[in-house]
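Here it is: the structure, laid out below.
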Amino acid sequence: MKKIFPLFLVTLLATPLLRAEQAEWAQVPEILARIQAPVFPARDFVITNYGAVAGGKTDCTEAIGRTIDACVKKGGGRVVIPAGEFLTGAIHLQSGVNLHLETNAILKFSTDPKSYLPAVFTRFEGTELYNFSPLIFALNQKNVAVTGAGTLDGQADETNWLAWKKTSARAKLVKMAADGVPVEQRQFGEGDNLRPDFIEFNRCRNVLVEGVKIRRSPMWEIHPLLCTNVTVRGVDIVSHGANNDGCDPESCRDVLIENCLFDTGDDCIAIKSGRNADGRRVGVPSVNLIIRGCTMRDGHGGVTIGSEISGSCSNVFAENCEMSSPNLTCALRLKSNAVRGGVLQNIFMRNVKVGRVSDSVLQIDFLYEEGTNGPCKPVARNVAMENVTVDHTPRVLNVRGFPAAEISNVRIYNSTFKQIEKPDVVKDADVKLVNCSLEPAK
């Protein structure tokens, strides 16, 4: 049933409800106590001492690799990129290594796909495979970091990586997973045009990404995958290519994302846990994620859960963020369908200032892509937003479920929405607005 909240209704009042989410927020200090950034020995290994040449023309991949090896042999420390431009291919980090970019350092990454071979074990949009290496990659490592005030430049544009945004290999991979083809046989690379992520920490523990600027990414920018204890802090991301999500923690536990700028071509932050049967096979949810003090500009969603969320997600806390752009679709976005399924629960947002969004403040879309055409029940429950102020939004709610799905106990408290232009959409969902002020556009 479709519910329409009329534009002339200024304030919605309800009997005070038991605020269970207040108890939920009380667990944040306990989560934060477990999230500790790795500490590295006070040893610097400067890449120019191992053969790297500035200027942006000489391939420094091998020199950076030698520097990382030397750092590891000495027991860890910082691999330092000094001021200047350095050209490189894939960088593979090891335990105990902090890749540190000094002020005015620029790492430019080759746009030659051969620079990211041989293929590595990864995921592409939530499905496991062997594919091009991410530009910066670590697998099964601990105490790893990318830090500093310098710039990571993927050099992606429509003449190279971004020209691959439409490829039949994506459907081929999804079918292989649905058919149960072993991961070792899902070999992709040259000719398949499945773009690599920029930074991926895969199955790592104690991860830090701090301070760096990220520009012109081929695909997702920061992708912690099956990691525990992750901190993403003070990162400046401006990258508007297709599928340029800002940060995608996938099947991770204990994650802090704080004081970052996201200006992206897709979701600013997108929490994930695997796609379809492949995500259920691995079966690792995303749990205990804290997002605070971030600024969101362009993007499909400020904070998004999904759509590759088949492994489920719980305990997301987002607070004290600012969002605004005519190209920002919504502030909070949950998306899944009957093929992906997944349980999305205990999702909380508070104290958020929104200037403008292009669609709605809260969007829950369980008709996304395949929609109802599957056997899996998507669930969204215990979702709360509080003290959200919005200067301009076409509508407050765009919530689309279906009878076999569950969208329950969704509340927005003590919030103000201005310049509303359209009726809300609430289909097959339990959503309440409590003590909210709604002001129609004049």
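The values are calculated or read from the model by the stated rules, or taken from the named source; none is laboratory data. Note that the coordinates shown come from a computational prediction; the quantities given were computed from them, not determined experimentally. Heads up, the Cβs are rebuilt from the backbone with ideal geometry, glycines too, and the neighbour counts pull from every protein chain shown.
Listed residues Ile407, Ile412; which is in contact (Cβ under 8 Å) with a residue 12 or more places away in the chain, within 21 Å of Ile347 (Cα to Cα), in contact with a Cys (Cβ under 7 Å, 6 or more places away or on another chain) and among the hydrophobic types (A, V, I, L, M, F, W, C)?
Ile412
For residues that are of a type in the set (S, T, N, Q), within 21 Å of Val357 (Cα to Cα) and touching a Lys or Arg at 6+ places or on another chain (Cβ under 8 Å), scanning just the range 221-263, find the one that is surrounded by the most Cβ atoms within 10 Å (Cβ to Cβ).
Ser239
Which of the residues spanning the range 291-312 are farther than 12 Å from Lys335 by Cα and touching a helix residue (DSSP H, G or I) at 6+ places or on another chain (Cβ under 6 Å)?
Gly311
Step by step: first the residues of the range 282-328, then only those that are touching a Phe, Trp or Tyr at 6+ places or on another chain (Cβ under 8 Å) and part of a loop (DSSP other than H, G, I, E, B), then the one that is farthest from Pro249 (Cα to Cα). Which residue is that?
The extreme case among them is Arg297.
Quick check on this structure: which one of Ile35, Ile47 is of a type outside the set (Phe, Trp, Tyr) and touching a helix residue (DSSP H, G or I) at 6+ places or on another chain (Cβ under 9 Å)?
Within the list Ile35, Ile47, the selection yields Ile47.
Mind telling me which of the residues Val390, Val396 ends up being in contact with a Leu (Cβ under 7 Å, 6 or more places away or on another chain) and surrounded by 17 or more Cβ atoms within 10 Å (Cβ to Cβ)?
Val396
Restricting attention to the range 111-124, and to residues there that are closer than 25 Å to Ser312 by Cβ and crowded, with 20+ Cβ neighbours inside 10 Å, which single residue is farthest from the chain's Cα centre (by Cα)?
Selected residue: Thr122.
Select from the range 245-287 the residues that are among the hydroxyl-bearing types (Ser, Thr, Tyr) and without any contact (Cβ under 8 Å) to a residue 60 or more places away in the chain and write down the one among them that is farthest from Ala177 (Cα to Cα).
Within the range 245-287, the match that is farthest from Ala177 (Cα to Cα) is Thr264.
Name the helices (runs of 4 or more DSSP H) wholly within the range 1-79 that hold at least 2 residues that are at pLDDT below 95?
Because the criterion is at least 2 residues that are at pLDDT below 95, the helices (runs of 4 or more DSSP H) in the range 1-79 that meet it are 20-25.
Scan the range 145-175 for residues that are touching a Leu at 6+ places or on another chain (Cβ under 8 Å) and either among the acidic types (Asp, Glu) or not in a loop (DSSP other than H, G, I, E, B) (or both) and jot them down.
Result: Ala145, Val146, Thr147, Gly148, Thr151, Leu152, Asp153, Trp164, Ala169, Arg170, Leu173.
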